[in-house]
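The values are calculated or read from the model by the stated rules, or taken from the named source; none is laboratory data. Note that the structure is predicted; figures quoted are calculated from it, not measured. Glycine also receives a Cβ, built like all others from the backbone with ideal geometry; neighbour counts cover every protein chain displayed. We work out accessible area using only protein heavy atoms, side chains counted, and drop any ligands, DNA or RNA first. Shrake-Rupley method; radii C 1.70, N 1.55, O 1.52, S 1.80 Å.
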Amino acid sequence: MLNIFARASVSRVTDPIGAWLVRIGLTPNAMTVIGTLGAVAGSVWFFPHNELLTGTFVVWGFAMLDLLDGAMARAKGGNGTKFGGVLDSSCDRIADGVLGASVAWWCAVVAQNDTLTAAALICLVSGQVISYIKARAEASGLHADVGIVERAERLIITLVGTGLVGFGVPYALHVALWLLAVLSVITVGQRLYAVWQSAQQETA
């Protein structure tokens with residue numbers, strides 16, 4: 001949803017930055033790797049150590065670098081290479097998986113809340129499935145570019161929850177994770193249905 005409504009506004013900000021980064025010698029692939037490593041390190045270190053507020057800002061900052069690799073590719077005169085696309089998608093899955101696992105660790109070990117841990121695990125698994133359905137569908141020549149929550153929404157909901165807990169707001173992560181769990185399961189269903197429709201249209 002955010003990809004549709006915010007893309008033009010975001011590009012107006014990121015495109016000049018991307019062009020400057022290309023001029024100083026950075027590549028889109030390097031930016032992808034830097035952002036992923038930073039997000040992974042921030043997730044693994046801060047959340048299990050109960051530093052939710054710091055972890056939220058660190059992970060959010062490095063996740064924002066993901067907006068720049070596309071801008072850098074456009075500055076180089078295209079939409080990136082095939083390898084760059086695979087690298088970007090793979091790194092997104094790594095960063096999302098590690099963030100989800102780190103939040104689940106906090107729920108299980110630090111908060112010691114089984115219900116909250118269950119919500120975190122549902123979010124972790126469904127988030128990976130959402131992305132997989134789209135990738136597998138596209139590899140089969142089908143379409144699955146639908147859904148209430150894509151990567152941007154999942155990051156925002158998760159990090160708003162962890163950030164508010166870091167600020168001392170009680171039950172913020174409970175609300176965020178259960179909301180995300182429900183929306184993610186719905187999105188899985190939406191994408192599977194879209195793939196089914198696309199397959200039906202091919203055979204019609």
Which one is surrounded by the fewest Cβ atoms within 10 Å (Cβ to Cβ) among residues in the range 105-131 that are over 13 Å from Leu177 (Cα atoms) and among the aliphatic types (A, V, I, L, M)?
Val109
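How many of the residues in the range 166-204 are charged (D, E, K, R) and under 11 Å from Val146 (Cβ atoms)? Write out each step before concluding.
Taking the range 166-204 first, the residues charged (D, E, K, R) are 191, 202.
So of that shortlist, the ones also under 11 Å from Val146 (Cβ atoms) come out as 191.
Here the count works out to 1.
Which of the residues spanning the range 42-62 are open to solvent by 60 Å² or more (accessible area, probe 1.4 Å), out of contact with any helix residue (DSSP H, G or I) (no Cβ under 7 Å at 6 or more places or on another chain) and of a type outside the set (D, E, K, R)?
So the first thing to find is which residues in the range 42-62 are open to solvent by 60 Å² or more (accessible area, probe 1.4 Å), and the list is 44-45, 49-51, 54, 57, 60, 62.
Then keep just the ones that are out of contact with any helix residue (DSSP H, G or I) (no Cβ under 7 Å at 6 or more places or on another chain); that gives 45, 49, 51, 57.
Selection gives Trp45, His49, Phe57.
So which residues in the range 183-204 are of a type in the set (A, V, I, L, M, F, W, C) and open to solvent by less than 80 Å² (accessible area, probe 1.4 Å)? Give the derivation first.
At the first step, the residues of the range 183-204 found to be of a type in the set (A, V, I, L, M, F, W, C) are 183, 185-186, 188, 192, 194-196, 199, 204.
Those that are of a type in the set (A, V, I, L, M, F, W, C) and open to solvent by less than 80 Å² (accessible area, probe 1.4 Å): Leu183, Ile186, Val188, Ala194, Val195, Ala199.
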Just checking, does the range 82-91 include any residue being outside any helix (DSSP H, G or I) and of a type in the set (D, E, K, R)?
no
Of the residues that make up the range 141-163, is at least one surrounded by fewer than 16 Cβ atoms within 10 Å (Cβ to Cβ) and either charged (D, E, K, R) or part of a helix (DSSP H, G or I) (or both)?
yes
Could you tell me whether any residue of the range 18-32 is at pLDDT 95 or above and not polar (S, T, N, Q)?
no
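Which of the residues spanning the range 92-103 are surrounded by 21 or more Cβ atoms within 10 Å (Cβ to Cβ) and either within 23 Å of Ala135 (Cβ to Cβ) or touching a residue at least 60 places away in the same chain (Cβ under 8 Å) (or both)? Spell out the reasoning first.
Kept after step one, since they are surrounded by 21 or more Cβ atoms within 10 Å (Cβ to Cβ), are these residues of the range 92-103: 95-96, 99-100, 102-103.
Passing the criteria: Ala95, Asp96, Leu99, Gly100, Val103.
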Starting from the range 111-123, take each residue that is of a type in the set (A, V, I, L, M) and list its partners that are at pLDDT below 95, counting only C-beta distances under 9 angstrom and pairs at least six apart or across chains.
none
